[in-house]
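The values are calculated or read from the model by the stated rules, or taken from the named source; none is laboratory data. Every value quoted in this text rests on a predicted model; they were computed, and no experiment measured them. Here the Cβ positions follow ideal geometry from the backbone for every residue, glycine too, while neighbour counts run over all protein chains shown. When the accessible area is computed, the model is the full protein with side chains, heavy atoms only, and any ligands, DNA or RNA have been set aside. Shrake-Rupley method; radii C 1.70, N 1.55, O 1.52, S 1.80 Å.
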Amino acid sequence: MNLLVIGVIDGILTGAVYALMAAGLTLIFGVLDMINIAQGIFVILGSYLSLILEQHAGIGLFPGLIITIPVMFALGIFVEWAFIRRIGAENRVTMSILITYAVMIVVEGVLLLTYGSNYQSLSASYVTNSFDVAGHYIPEIYVYGFILSVAAVVVLYAILYRTRLGTSLRASMDNAMAASLVGVNVKRVSTLAFGIGVAVTAIGGMLFGAIQPFTPNTGYDLISRLLSIVVLGGLGSVGGALGGAMVMLIIEDVVSTVWSPTWAPLLYFAVLIVVLLIKPTGIFGRQAVRSQ
């Protein structure tokens, strides 16, 4: 029972970080009706940006977000303006996958040329220190990362449901044509949505790089995890990203702690298949969103 509790706690703490990264991915899908395959490498790029600031500028991981978040937001704006906006209505999903895959290859190539394939990691006192909770040691970065991720998700939720931009975003997610007819600048909203979706990878990348080592190739495993989270939670649902991430990480951490790490991914994907057989739109997905 003690091991089960430990697994649940670790799953919740790390699940919040994945929920934030997946929320950016599902926001992009909901507004632009496209799957951003480059989201994984953007997270890794965020890790490398934090590494650069740490090693060459002496800027700590959390203060560095003041720089990396605007940089990643600007990168998202550029990618949407330069590539995504040029895609026509026909075969939009297919073309967006190809374009974002190409962006992923380019970013990965630049990182490989610059840093090689050696593993990197972010360091700070709160990365190596731990809290002693009833005899169980929880890394401080897990706790701080959970707090930061929850705060970022709350801010994202406030933007979506408490601002005029959020109203335009949700209107575009529900029906882009109807939104444009009532005066919403869908192109501008789409650009901002892509920028926001990429901006959150700065936070996710910093936390991911502090939790585990990374290389440019880590983006492949990460995007598969993020896609499975948004599919499980429901494409286009920010709440679904949170729920899917929690289910995924709790299952993996509980199985890894109680049983064996080898069986953790297998059991998670088994649960994913069962959920999709029962509810093809995901836990929180809606048919209208998936049929846009």
Does Leu207 satisfy the criteria of being buried (at least 24 other Cβ atoms within 10 Å of the Cβ) and touching a helix residue (DSSP H, G or I) at 6+ places or on another chain (Cβ under 8 Å)? yes
Filter the range 1-15 down to the residues that are β-branched (Val, Ile, Thr) and either closer than 11 Å to Leu226 by Cβ or open to solvent by less than 20 Å² (accessible area, probe 1.4 Å) (or both) and list them by number. Thr14
Is it fair to say Tyr115 is at pLDDT 85 or above, of a type in the set (Ser, Thr, Tyr) and within 24 Å of Tyr48 (Cα to Cα)? yes
Go through (1) open to solvent by 20 Å² or more (accessible area, probe 1.4 Å); (2) not in a helix (DSSP H, G or I) one by one and return the number of the condition Pro216 breaks. (1)
Cβ-Cβ under 8 Å, sequence separation 6+ or interchain: first residue in the range 263-274 and closer than 20 Å to Gly240 by Cβ, partner among the polar types (S, T, N, Q). Which pairs? Tyr268/Ser228; Phe269/Ser228; Leu272/Ser228
Within the range 75-101, work out how many residues are surrounded by 13 or more Cβ atoms within 10 Å (Cβ to Cβ) and small (Gly, Ala, Ser). 2
Give Val189, Val198 a once-over and let me know the one that is open to solvent by less than 10 Å² (accessible area, probe 1.4 Å), within 13 Å of the chain's Cα centre (by Cα) and not basic (Lys, Arg). Val198
Out of contact with any Asp or Glu (no Cβ under 9 Å at 6 or more places or on another chain) and without any contact (Cβ under 8 Å) to a residue 24 or more places away in the chain - does that describe any residue in the range 232-241? no
Those residues that are closer than 30 Å to Ser180 by Cβ and open to solvent by 40 Å² or more (accessible area, probe 1.4 Å), I need them from the range 16-74; list them, please. Ile35, Ile69, Pro70, Phe73, Ala74
Residues satisfying the stated conditions in the range 151-186, i.e. loosely packed, with under 15 Cβ neighbours inside 10 Å and hydrophobic (A, V, I, L, M, F, W, C): Ala151, Val154, Val155, Ala158, Met177, Ala178, Leu181, Val182
Please indicate, with yes or no, whether at least one residue in the range 257-272 is assigned to a helix (DSSP H, G or I) and closer than 30 Å to Ala171 by Cβ. no
By residue number, the members of the range 115-125 that are open to solvent by 20 Å² or more (accessible area, probe 1.4 Å) and touching a residue at least 40 places away in the same chain (Cβ under 8 Å) are Tyr115, Ser117, Asn118, Tyr119, Gln120, Ser121, Ser123, Ala124
Criterion first (in contact with a strand residue (DSSP E or B) (Cβ under 9 Å, 6 or more places away or on another chain) and either more than 21 Å from Val186 (Cβ to Cβ) or not charged (D, E, K, R) (or both)) does Ile44 satisfy it? yes
Of Ser47, Ser117, Ser125, Ser121, the only residue that is within 24 Å of Val238 (Cα to Cα) and of a type in the set (Ser, Thr, Tyr) is Ser47
Condition check for Glu108: modelled with pLDDT of 90 or more and of a type in the set (Asp, Glu): yes
